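Undergrad: The structure is given below, and queries will be raised subsequently.
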Amino acid sequence: MKRIFFTLICLMLFKTIFAVEGMWIPALLKKFNIEEMQKMGFKLTAEDIYDVNHASMKDAIVLFGSGCTGEVISNDGLLITNHHCGFGQIQKHSTLAHDYLTDGFWAKNRSEELVNPGLSVQFLIKMEEVTREVTKGIKEDMKEDELKTLIASNIDAIKKSYAGKSDYKVDVKPLLYGNQYFAYIYEVFRDVRLVGAPPASIGKFGGDTDNWVWPRHTGDFSLFRIYAGKDNKSASYSPNNQPYHPKKFFPINLTGIREGDFTMVFGFPGSTQEYLPSLAVRLLIEKSNPNKVDARTIKLGILEKQMAADPKVRIQYASKYAGVSNSWKKWQGETKGLVRLHAIEKKEQQELEFSKWVSQDTQREKKYGTILENFKKNYAELSDIQIAYDLYNETILRGSDVFGLIARFDQLAQLVNDTIKFNRQKKTIAEVLPGFFKDYDGPTDQLILPALLKLYFERVDPKHLPEKLISRKSDLINSTWVQKIYKKSVFADSLKIRSLLSGISAKKLKKLQKDELYSLYTTISDYYIKNIDPTFQRLSQEILKTQKAYMAAILEMKQDQRLMADANLTLRVTYGKIEGYEPMDGVYYQYYTTLKGMINKHNPNIADYVVPEKLKQLYQARDYGIYKNPAGELPIAFCASNHTTGGNSGSPVINANGELIGVNFDRCWEGTMSDVLFDPERCRNIALDIRYALFIIDKYAGAGYLLKEMNLIR
Ligand code: ARG
Ligand code: ASP
């Protein structure tokens, strides 16, 4: 008995050492983390990760597009990220004749690499704390507006002080709700070409069915190449550009991984909310998530049917479907996880302790005494406004495609008195139109619009809806009526809309009110902007202000503790270990999956589970080359206890020696609440084993020539 108790204690200690909550600031690792990292097995130094004067790991990592991470794996700018991060590009290059989504794409040489207008990658040159500079001149009794103006002008000055090279971009961002500020300098590269992507049956194997779920068999990677001008500096696209030579690229380790190994993930986590008060978590669980989920359930149901019925529609909506489905599923897992963790009760408990701490000191009372009361007042008022906000977003702004297009014309109409902005917006619309109609299917959109309007009218309190529409509700949710107004509308016709745009004028924009689709959209949106948005903005501001004070108080209360700053789409380090987990009583999930498991999942009747023939042959022949593990299996994915979030997709998963062992792409179902509350027992990130990516490139795609530029450690 004694021994069992002892082992249990050891196990618990062991566990707490394993998973480490937090996404840490690279420039501050030395102060807060490196010692712990080294204790966990990391063999390098903080400077190897982040250094301004010498090449370090950060020089091999990019913000890919606007919300993913990628890493450089060759001296010729070869970049690996996820298949789902490059999905938009792969999809844009796909047609029925060249269906790269289905068949995959591999450039046989550099001249075949595909150009992607609009895609950029950004390297962080350096980051610096600028709290003092941003808050310079702030006085205690300043009014909110004054304060904002002052901070904005300080930030402007900081940006100017960093300016110099034109291809550098400077960002100043708040951390810890504005209790700290950092400046970030990036070099932006705009010529990024598609090099290779596996077929969806590999890169998206398991599809939306397996999304957010471990165990996983998705080969979620794609390859790009960064191009630069002759001077190796960022340049806009030119056929004369040359592969970029990075300051650093990741060596790739093929010797494999074991449970308990140290790992770190280095990338651009987008956003987390670890310091929300209980009332915010309640609103999320009880109202926000359910409403958003229900809206998307409706949309996805329609898309599913339409895509199954027509291969053209399948390609047109593949990327949109994946995007809609991704958050839809995550919100459900998040709610479940927060309920299971008793997140509301936990936060309430923390608030009790907080109140106690505040009441111990009159100075604190004065500074922080009203925080919880403010939350209470503002969240009470926010509650039904939040419903209107969420549903407006989901059903009107992002519901039907046609409303999205109309919104752009509506913006144009607001700009008639500003020629420069007007022309800029006109140009933007002209640029998006071809892509819009390439991926637009009228009959599908006509089903989505009335179905979502129905939900909007059902869920939003009538006092937050435009009266003149309430009386017309039966028309608006009637698909025959909606079809009729689409037929008459210029917005559903690519030729008409193009000719309208080319001769657009204030007068013509005014006339658009006669277009029933247009007037339907503007009636709803004008009402929203006038009646709902101001209240929503006011409450958001109030809550943010309170949250800033709450954060300051927590920082004071927990002075002796290390606190993570919420993610804000800047470069962060998170670390943990390779480890499985117990999803439920009596079940333990192993830390890795193999090709055998993928073959076992094969099912010709389920589109997400069809294994390509060639992969089956390679499996039958066990033709795994140098990519198999010591047990002779071909590894596909692994899970580990790194605290990651959206934006970390595509991030390098790095071993104790700073070598690439995987590419991060997801989190496990039982851990999707980690943006709000992290559970070291069950929160796991999911990564593609780099050996599987190389196996696919080499054995499956016959693109082994790409391996020659890599540095493989065997
Ligand atoms: N859940 C992952 C992330 O949040 C992957 C999403 C892409 N895959 C998909 N089946 N939609 O981005
Ligand atoms: N799949 C996510 C991404 O695209 C990663 C995550 O949310 O864990 O960034």
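The values are calculated or read from the model by the stated rules, or taken from the named source; none is laboratory data. Bear in mind that the values here come from a model prediction, so they are computed numbers and not experimental data. We place every Cβ from the backbone using ideal geometry, glycine too, and count neighbours over all the protein chains shown.
Undergrad: Please find, within the range 55-75, the residue that is farthest from ligand 2 (Cβ to nearest atom) out of those that are in a loop (DSSP other than H, G, I, E, B) and in contact with a Gly (Cβ under 9 Å, 6 or more places away or on another chain).
TA: GLY65
Undergrad: Scan the range 165-208 for residues that are part of a loop (DSSP other than H, G, I, E, B), within 16 Å of ligand 1 (Cβ to nearest atom) and either in contact with a Lys or Arg (Cβ under 7 Å, 6 or more places away or on another chain) or among the aliphatic types (A, V, I, L, M) (or both) and jot them down.
TA: GLY206
Undergrad: From the list ILE636, ILE599, exactly one residue is part of a helix (DSSP H, G or I) and not hydroxyl-bearing (Ser, Thr, Tyr). Which is it? Walk me through it before giving the result.
TA: Values: ILE636 fails: part of a helix (DSSP H, G or I).
Only one candidate passes the filter, namely ILE599.
Undergrad: Return the only residue of TRP331, TRP357 being modelled with pLDDT of 95 or more, within 16 Å of ligand 2 (Cβ to nearest atom) and over 20 Å from PHE205 (Cα atoms).
TA: Working: TRP357 fails: within 16 Å of ligand 2 (Cβ to nearest atom).
Result of the check over TRP331, TRP357: TRP331.
Undergrad: If VAL663 passes every condition in (1) touching a helix residue (DSSP H, G or I) at 6+ places or on another chain (Cβ under 6 Å); (2) within 16 Å of ligand 2 (Cβ to nearest atom) but one, which one does it miss?
TA: Answer for VAL663: the failing condition is (1).
Undergrad: Name the residue, out of VAL339, VAL313, that is touching a helix residue (DSSP H, G or I) at 6+ places or on another chain (Cβ under 7 Å) and closer than 30 Å to PHE87 by Cβ.
TA: From the options VAL339, VAL313, the qualifying one is VAL313.
Undergrad: Any idea which of (1) within 14 Å of ligand 1 (Cβ to nearest atom); (2) at positive phi is the one LEU303 doesn't satisfy?
TA: (2)
The rows are residues; the columns are (1) surrounded by fewer than 19 Cβ atoms within 10 Å (Cβ to Cβ); (2) within 24 Å of the chain's Cα centre (by Cα); (3) not in a helix (DSSP H, G or I).
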| residue | (1), (2), (3) |
| --- | --- |
| GLU365 | yes, no, no |
| GLU373 | yes, no, no |
| LYS377 | yes, no, no |
| GLU381 | yes, no, no |
| TYR389 | no, yes, no |
| TYR392 | no, yes, no |
| THR395 | no, yes, no |
| ILE406 | no, no, no |
| PHE409 | no, no, no |
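Undergrad: Could you list all residues from the range 648-681 that are more than 11 Å from ligand 1 (Cβ to nearest atom) and assigned to a strand (DSSP E or B)?
TA: PRO652, VAL653, ILE654, LEU660, ILE661, GLY662, VAL663 - these are the residues of the range 648-681 that are more than 11 Å from ligand 1 (Cβ to nearest atom) and assigned to a strand (DSSP E or B).
Undergrad: I would also like to ask the following. Here's a check for you: in the range 614-633, which residue that is assigned to a helix (DSSP H, G or I) and not charged (D, E, K, R) is surrounded by the fewest Cβ atoms within 10 Å (Cβ to Cβ)? Working first, answer last.
TA: Taking the range 614-633 as the starting set, the residues that turn out to be assigned to a helix (DSSP H, G or I) are 614-620, 625-627.
Subsequent filtering for residues that are not charged (D, E, K, R) retains 615, 617-620, 625-627.
Numbers: LEU615: 24, GLN617: 11, LEU618: 19, TYR619: 18, GLN620: 9, GLY625: 13, ILE626: 12, TYR627: 22.
The selected residue is GLN620.
Undergrad: Would you check if ILE477 is touching a Lys or Arg at 6+ places or on another chain (Cβ under 6 Å) and under 30 Å from ILE90 (Cα atoms)?
TA: For ILE477, the condition - touching a Lys or Arg at 6+ places or on another chain (Cβ under 6 Å) and under 30 Å from ILE90 (Cα atoms) - is not met.
Undergrad: Further, regarding this structure: Of the numbered conditions (1) closer than 30 Å to ILE448 by Cα; (2) among the hydrophobic types (A, V, I, L, M, F, W, C); (3) in contact (Cβ under 8 Å) with a residue 12 or more places away in the chain, LEU415 satisfies every one except a single condition; which is it?
TA: (3)
Undergrad: Among the residues of the range 66-75, how many are surrounded by fewer than 24 Cβ atoms within 10 Å (Cβ to Cβ) and either without any contact (Cβ under 8 Å) to a residue 40 or more places away in the chain or within 18 Å of THR644 (Cα to Cα) (or both)?
TA: 2
Undergrad: Could you grab me the full set of residues in the range 204-232 that are aromatic (Phe, Trp, Tyr) and surrounded by 24 or more Cβ atoms within 10 Å (Cβ to Cβ)?
TA: Looking only at the range 204-232, we keep the residues that are aromatic (Phe, Trp, Tyr), and these are 205, 212, 214, 221, 224, 227.
The answer is PHE205, TRP214, PHE221, PHE224, TYR227.
Undergrad: Can you tell which of ILE524, ILE543, ILE477 is surrounded by 19 or more Cβ atoms within 10 Å (Cβ to Cβ), at pLDDT below 95 and touching a Leu at 6+ places or on another chain (Cβ under 9 Å)?
TA: On the way: ILE524 fails: at pLDDT below 95; ILE543 fails: at pLDDT below 95.
The match here is ILE477.
Undergrad: Another one. For the condition within 22 Å of the chain's Cα centre (by Cα), aromatic (Phe, Trp, Tyr) and more than 15 Å from ligand 1 (Cβ to nearest atom), what is the one hit in TYR317, TYR321, TYR275?
TA: Within the list TYR317, TYR321, TYR275, the selection yields TYR275.
Undergrad: Only one of these conditions is not met by ILE686: (1) more than 15 Å from ligand 1 (Cβ to nearest atom); (2) crowded, with 18+ Cβ neighbours inside 10 Å; (3) among the β-branched types (Val, Ile, Thr). Which number is it?
TA: The single condition ILE686 does not satisfy is (1).
Undergrad: Let me confirm something: among ALA183, ALA235, which residue is buried (at least 20 other Cβ atoms within 10 Å of the Cβ), farther than 30 Å from TYR588 by Cα and aliphatic (A, V, I, L, M)?
TA: None of the others qualify; the one that does is ALA183.
Undergrad: With the requirement that a residue be of a type in the set (D, E, K, R) and touching a residue at least 60 places away in the same chain (Cβ under 8 Å), what does the range 282-295 give you?
TA: Matches in the range 282-295: ARG282, LYS287, LYS292, ASP294.
Undergrad: Something else: So, ALA492, is that one over 24 Å from the mean Cα position of the chain (by Cα), modelled with pLDDT under 95 and crowded, with 19+ Cβ neighbours inside 10 Å or not?
TA: Judged against the criteria, ALA492 is a match.
Undergrad: Could you list, in sequence order, all residues of the range 238-279 that are hydroxyl-bearing (Ser, Thr, Tyr), within 22 Å of VAL121 (Cα to Cα) and surrounded by 19 or more Cβ atoms within 10 Å (Cβ to Cβ)?
TA: TYR244
Undergrad: Within the group ASP167, ASP141, ASP145, which residue is touching a residue at least 60 places away in the same chain (Cβ under 8 Å) and of a type outside the set (A, V, I, L, M, F, W, C)?
TA: Matching residue, one of ASP167, ASP141, ASP145: ASP167.
Undergrad: Hey, among LYS287, LYS299, LYS305, which residue is buried (at least 23 other Cβ atoms within 10 Å of the Cβ), among the charged types (D, E, K, R), out of contact with any strand residue (DSSP E or B) (no Cβ under 8 Å at 6 or more places or on another chain) and modelled with pLDDT of 95 or more?
TA: LYS299
Undergrad: Output the residue which, of all residues in the range 76-100 that are assigned to a helix (DSSP H, G or I) and of a type outside the set (A, V, I, L, M, F, W, C), is surrounded by the fewest Cβ atoms within 10 Å (Cβ to Cβ).
TA: GLY88
Undergrad: From GLN513, GLN537, GLN561, grab the single residue that is touching a Ser or Thr at 6+ places or on another chain (Cβ under 8 Å) and either without any contact (Cβ under 8 Å) to a residue 24 or more places away in the chain or within 18 Å of THR370 (Cα to Cα) (or both).
TA: The conditions single out GLN513.
Undergrad: What pairs come out if I take residues in the range 296-323 that are without any contact (Cβ under 8 Å) to a residue 12 or more places away in the chain and pair them with residues that are within 16 Å of ligand 1 (Cβ to nearest atom) whose C-beta lies under 7 Å away, six or more apart or interchain?
TA: ARG314/MET307
Undergrad: Same structure, new question: Take the residues in the range 209-230 that are assigned to a loop (DSSP other than H, G, I, E, B) and out of contact with any helix residue (DSSP H, G or I) (no Cβ under 9 Å at 6 or more places or on another chain), then tell me which one is farthest from ligand 2 (Cβ to nearest atom).
TA: Only one residue tops the list, namely LYS230.
Undergrad: For the range 41-64, enumerate the residues that are surrounded by fewer than 20 Cβ atoms within 10 Å (Cβ to Cβ) and either of a type outside the set (Lys, Arg) or without any contact (Cβ under 8 Å) to a residue 24 or more places away in the chain (or both).
TA: Answer for the range 41-64, where residues must be surrounded by fewer than 20 Cβ atoms within 10 Å (Cβ to Cβ) and either of a type outside the set (Lys, Arg) or without any contact (Cβ under 8 Å) to a residue 24 or more places away in the chain (or both): GLY41, LEU44, THR45, GLU47, ASP48, ASP51, VAL52, ASN53, HIS54, ALA55, ASP59.
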